[in-house]
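One structure is given below, encoded as structure tokens.
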Amino acid sequence: MNYRDVTFMPSWWNERGFSFDEGFFIDENRRMRQDREMRRGLFDEYGHCGLGEKEPKLRQLMDTDLLAGEYLQAQLLGCEIEFFENALPYTKSLELDVDGLEGLSVPVLEDNAVWHLYSGQFERLINRFGRAESYIDLCGVQNLALAIRGYALFEDYYEAPQAARKTLGIACETIIAAASAISRYTPHTGIGIGVSAILGKQQPDAYLTSNCSCDMVSSQVYEEFLLPMDAELAARFRPFGIHHCGQSMENLAEAYSKLSPEFIEIGANSDIEAVLAHFPKDTRVNLRFDPVALLTKTPDEIRRAVHEMLRKAEGYPHISISSVGVDAKTDKNCVEALLIM
């Protein structure tokens with residue numbers, strides 16, 4: 001197994017006539033039509049590399065696996081989300097102070113107007129087609145905690161640990177509530193989500209937590225504050241996957257191994273061999289290729305870099321390579337160098 005995949009930035013799609021304003025996310029009919037045209041356009045440009053579909057059919061999808069971005073869980077907690085035609089949704093942090101945290105609680109989804117926007121779409125899709133596919137990013141605990149507390153969270157780990165635990169606890173329980181609610185509509189809560197679209201090929205039944213921001217904390221902070229939260233997720237949702245797009249995953253690899261994940265995503269420029277030393281050979285592994293390198297390196301340099309990444313993962317039969325966040329200015333020959341085996 002050696003899957004390859006890329007996920008383009010919204011600007012790449014926007015140059016080809018596609019928009020990602022709020023309507024894309026809350027109007028299932030528009031989204032289904034646009035998704036079909038996006039997959040057709042992807043085939044026109046990269047069908048020879050295995051991307052897109054020549055004659056795509058409508059997919060009964062929530063959100064999309066063709067973009068990476070998380071927003072729903074923060075929106076459920078009251079964060080303002082700004083949508084753009086040519087960029088990912090932007091979450092404005094609540095930046096609650098310690099006193100403000102005391103008034104915050106896990107949202108009751110049945111009473112939450114935001115959730116009704118999305119549950120209504122699920123229900124209409126199921127009533128019309130008999131099924132729905134969820135590509136909603138499931139978020140990560142610290143990612144969501146930052147949307148609640150802002151960067152003060154990093155100070156809390158040292159100066160106000162109780163506030164940190166309060167914030168993380170609310171984030172974790174909100175994520176569990178949202179994932180559990182989504183799972184009532186679709187059997188695979190994690191299949192092909194945008195943050196790691198290749199998951200749909202490697203481990204389609206996996207729950208994937210997004211630890212994008214965990215590269216910003218020490219292994220000691222992760223083990224004391226965040227590992228218990230991820231352990232709670234791993235206990236509730238199996239198979240379990242860890243998305244770590246940071247460049248030093250080796251710092252947390254030993255801690256991550258305690259969760260016994262079936263799938264891991266090793267961030268671009270992380271030490272692949274040091275990470276894999278902590279995981280068994282049957283682990284499904286996605287190696288992230290740096291989208292900046294894809295933009296700035298030559299095709300020959302990219303091919304050599306891919307070969308070296310695969311060499312470092314030798315002995316692991318379930319390997320894939322992807323690049324997420326590919327810039328609109330990236331040369332087509334460079335994308336082909338990554339995708340064509």
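A short reminder: the numbers here are calculations on the coordinates, not readings from a lab. Nothing here was measured: the structure is a model prediction, and the numbers come from that model. Heads up, the Cβs are rebuilt from the backbone with ideal geometry, glycines too, and the neighbour counts pull from every protein chain shown.
Taking only the alpha-carbon positions of the range 253-319 and ignoring solvent, what does the Debye formula give for the base-10 log of I(q)/I(0) at q = 0.11 Å⁻¹?
Cα-only, vacuum Debye calculation for the range 253-319: -0.27.
Too long at a 31 Å Cα-Cα cut-off: which of LYS92/LYS258; LYS201/LYS332; LYS54/LYS92; LYS54/LYS329?
Beyond 31 Å: LYS92/LYS258; LYS54/LYS92.
Among 157-168, 96-107, how do they line up by average Cβ neighbours within 10 Å per residue, starting with the highest?
Result, highest mean Cβ count within 10 Å first: 157-168, 96-107.
Principal axis lengths of the chain from Cα atoms, whole Å, largest first?
Largest first, the chain extends 55, 48, 32 Å along its Cα principal axes.
For every other residue with a beta carbon closer than 13 angstrom to the beta carbon of VAL114, add +1 if it is Lys or Arg and -1 if Asp or Glu, then tell me the sum.
The answer is -4.
Run the numbers on the chain and let me know its relative contact order in percent, using alpha-carbon pairs under 8 Å that are six or more apart.
19
So if we plug the beta-carbon distance of GLN247 and ASP44 into 1/(1 + (r/R0)^6) with R0 = 30 Å, what FRET efficiency do we get, rounded to 0.05?
The calculated FRET efficiency here is 0.35.
Which order results if ASP27, ASP290 are arranged by neighbouring Cβ count within 10 Å, fewest first?
ASP27, ASP290
Can you sort GLU95, GLU55 by how many other beta carbons sit within 10 Å, fewest first?
Going from sparsest to densest Cβ surroundings: GLU55, GLU95.
Please provide three numbers in whole Å: the alpha-carbon extents of the range 64-119 along the principal axes, with the largest listed first.
Answer, in whole Å and largest first: 38, 26, 15 Å.
Go through the range 86-93 residue by residue and turn each phi into a ³J(HN,Hα) via Karplus (6.51, -1.76, 1.60, θ = phi - 60°); whole Hz please, and just put x for glycine and proline.
Whole-Hz 3J(HN,Hα) from phi for the range 86-93: 10, 8, 6, x, 10, 8, 8, 4.
Between ASP300 and GLU273, what's the calculated FRET efficiency when r is the beta-carbon distance and R0 is 22 Å? Round to 0.05.
0.40
Between LYS281 and SER19, what is 0.36 nm times their sequence separation minus the Cα-Cα distance? Round to one decimal in nm.
The LYS281-SER19 span can extend by a further 90.2 nm.
Starting from 0.36 nm per residue, how many nanometres of slack lie between GLU308 and ILE126 once their C-alpha separation is accounted for?
61.0 nm
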